[in-house]
Amino acid sequence: MSRDTTAPPRSPVCTFSRAAKELGLKRSEFDLAVNLGRIRTVPDEGGGGRRVARLELDRLRAARDFPEALRDSVETVGTVDGAALVGVPPTRFTRLARLGLVVPVKFHVNRYRAVVWLYLAEELRQFAAGEDNAPLLTGRTPTAMREQLAEGLDLRSRNWRGRHLGFLLRQADGPWQRAGALASFLDPLQVAELVQDPYERSHLNRFRAGPPVPGVPGSPAARLVEEITTAADADEIARLRSDLLQALDEARAHQPAPRPAPKPQRGPAPVPEPPPDRVPARPAAKPRPSDRPERAGSGLLGRLRRGNVWRRVLRRSRRGTGPAPSRRGPDRAPSYSARKSPSWTTDTSRRPWRS
């Protein structure tokens, strides 16, 4: 009995983690290569994010200087190493970065809650090799630049936002994704002012990019990252708002935001009509108080009558002309006892008159 040793067919795409392992890159280096466009990605048909095609991996591996050239293209350095590459002191390098002459590509917050900016080593080598930049690397900084630095100019955050926005727009698959990329750098209140429809705003928030640096929500580091990733200058905010409105118009024309199905309206229940051959019976009228039969012996008149009868019987008993009344009531016959009642012929309860 022979076994089938045929290997299962490989998937035409693979995940980012698998692609980074096959290319010999760290995950951070792979993500930066994707952002820079060094590695092309395709959307997943199953809706699970983006993938890397096997053909793209074969193209990268077929390069003559693979993997050194790919790794060198995503190498990043900090301020100290960047100053060494450019050939200037770290303080001068920081001034060049604040003036926007060198643009950071990444950043992170260290344990001292300080922002560490990272720059592409390849770009710094090109900046140092440029003949137009030689006066900035040696000699005295121009007066106009010194005045801007004295006023507190720092373009590192803004330049990073502009660069990261380009990364997000490059990977957007549709107009809603592009609108979400633009909304990622605006304050939520600004987005709520522009997108007043709650269903559209909820759909747009699905495509907003998360913070590039992981952190605990509400922590000082997270608030610092939020400050860097949110547009602050008036002209930058105006440009983002204008681009977002244009992207929203394209997104609505392409595919409206999903909404819940409308609930069926229920009208009042119809009143059933009586059959034509039957007339609904009228409810019997309640008897009025004057029509009700008066119970014998009830009310004030009955009490007065019973009191008059009792007085007449009592007067007769005192005169000796009738039996003693009973405490059982005037309607019942009194009971007599010869032992306790005096004789009716010899009344000893009355004293004789004195002559």
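The values are calculated or read from the model by the stated rules, or taken from the named source; none is laboratory data. Fair warning: this is a prediction, and the values are worked out from it, not measured in the lab. Here the Cβ is made from the backbone with ideal geometry for all residues, glycine too, and neighbour counts use every protein chain on show.
In contact with a Phe, Trp or Tyr (Cβ under 7 Å, 6 or more places away or on another chain) and free of Cβ contacts under 8 Å to residues at least 40 places away in the same chain, is that true of L165?
In short, yes.
Report, by residue number, each residue of the range 192-210 that is closer than 15 Å to H108 by Cα and surrounded by 14 or more Cβ atoms within 10 Å (Cβ to Cβ).
none
Considering the range 98-133 alone, what residues qualify as being out of contact with any Leu (no Cβ under 8 Å at 6 or more places or on another chain), aliphatic (A, V, I, L, M) and farther than 17 Å from L36 by Cβ?
Correct list: A114, V116, A129.
For residues in the range 192-201 being in a helix (DSSP H, G or I) and without any contact (Cβ under 8 Å) to a residue 24 or more places away in the chain, which is farthest from the chain's Cα centre (by Cα)?
Among those that are in a helix (DSSP H, G or I) and without any contact (Cβ under 8 Å) to a residue 24 or more places away in the chain, it is E193.
Of (1) surrounded by 12 or more Cβ atoms within 10 Å (Cβ to Cβ); (2) over 27 Å from H254 (Cα atoms); (3) under 20 Å from the mean Cα position of the chain (by Cα), P217 satisfies all except one. Which?
(1)
State yes or no: is Y112 among the hydroxyl-bearing types (S, T, Y), within 29 Å of T230 (Cβ to Cβ) and either surrounded by 12 or more Cβ atoms within 10 Å (Cβ to Cβ) or at pLDDT 95 or above (or both)?
So Y112 fails the test.
Out of everything in the range 155-191 that is surrounded by fewer than 16 Cβ atoms within 10 Å (Cβ to Cβ) and in a loop (DSSP other than H, G, I, E, B), what residue ends up being modelled with the lowest pLDDT?
D173
Which one is surrounded by the most Cβ atoms within 10 Å (Cβ to Cβ), of the residues in the range 243-263 that are out of contact with any Asp or Glu (no Cβ under 9 Å at 6 or more places or on another chain) and of a type in the set (G, A, S)?
Among residues in the range 243-263 that are out of contact with any Asp or Glu (no Cβ under 9 Å at 6 or more places or on another chain) and of a type in the set (G, A, S), the one surrounded by the most Cβ atoms within 10 Å (Cβ to Cβ) is A247.
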